[in-house]
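The values are calculated or read from the model by the stated rules, or taken from the named source; none is laboratory data. Note that this is a predicted model, so its numbers are computed, not measured. Cβ placement follows ideal geometry from the backbone for every residue including glycine, while neighbour counts extend to all protein chains displayed. Areas reflect the complete protein model, heavy atoms only, side chains present, ligands, DNA and RNA absent. Shrake-Rupley method; radii C 1.70, N 1.55, O 1.52, S 1.80 Å.
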Amino acid sequence: MMKIMFWAGVRFLAYGNGAVALAALAYATLFSAFFGFVDRSYLEFVFFGTFSAYAYMHFLSALQHPTEAVHPVRLYTREHWLPLMVLGLLSGVYAGFLWIRHFSEWGRHLLLVGAVVVVYPGFGHLFRGLRSLKGLKLPLIVLVWGYLVAVLPWWLSDHRPAWPEAFGAGLAAVHWILGTALLFDLRDAHIDPQGFTLPQRLGKSHALLLVRGLYAASALVFCTVGLLQPPWRVWSWSAVVCLAAAMALTRLWNRTGNPLWISLWIEILPVFWLVFWMMGR
């Protein structure tokens, strides 16, 4: 019974939008603390807003591909549509409440992000969505995530760190997010239209090298930030630990092809990163 519950929880985190919401929360918490903008309502918005946004996008994706028998997220969404719909709606309502309540503080800065989320997925044959435009999917993911978890907390902070450290932290975040986004494209390389994504054009081995290079660059910049900001040294070194874990997990995925290595364990690494930082504090 415990084993069944464990794997049910694992599948929910991996394919039911749980891991992505936790990762967004971990990123936002870390950068909010680093930039001096710690607002619990904003962190709650990031968690519930991310969960509801991905639930919305995955529902539309599953509806657009009703006979898809390969993509793990679409399969999971169709199999568990009722609890995912209920959780997604409740999360969306609460995120909307927070957004309206704090509109003058940070809500107004998210109008463009909300518009992108709404039109990112497709709506049947009428509109294929922003994600269907070649070359646009990856930049949108990186820009939205980077803005949500790093740029906006920096902008709203009253006590911003010095520009070099702030720029370095943001740059490192972009490298980490880009590497993870490329991994998901690599996972779906056999499902997406051929030649549509960067990993398809590069090939599996070269795409993996690029992902690992992005993770390594991210860890290097974080370590540099740690040298410039001694209180954040444990945070920067924890990025190296997560880098080593990501390298090992990409190797496991490359050998087994099991999407869980990417969809859960790599995606949720920022949560461990946050735990390491909290231990250091």
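Surface composition of the chain: carbon plus sulfur atoms contribute 73% of the solvent-accessible area (1.4 Å probe, protein chains only, all chains present). In this simple spin-label approximation, Ala245 and Leu82 carry label points 7 Å from Cα along the Cα→Cβ vector, and these lie 3.5 nm apart. Mean Kyte-Doolittle hydropathy of 1.0 or higher plus an axial Cα length of 30 Å or more: which whole DSSP H helices in the chain meet both? Answer set is 204-228. Taking a ≥ b ≥ c as the square roots of the Cα gyration tensor eigenvalues, with a/c under 1.5 meaning rounded and otherwise prolate when a/b beats b/c, else oblate, which class fits the stretch 79-142? Here the stretch 79-142 falls in the oblate category. Accessible surface computed residue by residue for the stretch 181-281, with neighbouring protein chains in place and a 1.4 Å probe, gives 47 Å² per residue.
Applying 0.36 nm per residue to the separation of Met2 and Val38 and subtracting their alpha-carbon distance, the gain on full extension is 9.3 nm. Annotation: amide H-H contacts under 5 Å for Arg128 (H modelled 1.01 Å from N, sequence separation of 5 or more, or interchain): Phe123. Remark: the Val116-Met279 segment gains 55.1 nm on full extension, using 0.36 nm per residue and subtracting the alpha carbon distance.
Taking springs between alpha-carbon atoms closer than 10 angstrom, which of Ile100, Ile177, Ile266 fluctuates most in the Gaussian network model of the chain? Most flexible of the set in this elastic network: Ile100. Entry note, the chain: the mean residue ellipticity at 222 nm calculated from DSSP H runs of n ≥ 4, each adding -39500 (n - 2.57), is -23500 deg cm²/dmol after division by the residues and rounding to the nearest 500. As a calculated quantity, the FRET efficiency between Leu89 and His190 at R0 = 35 Å, using C-beta atoms, amounts to about 0.60. Rolling a 1.4 angstrom probe over the protein heavy atoms with all chains in place gives the stretch 15-94 an accessible area of 41 Å² per residue. Once both labels are positioned 7 Å from their Cα atoms along Cα-to-Cβ, the gap between Glu105 and Leu227 label points is 3.8 nm.
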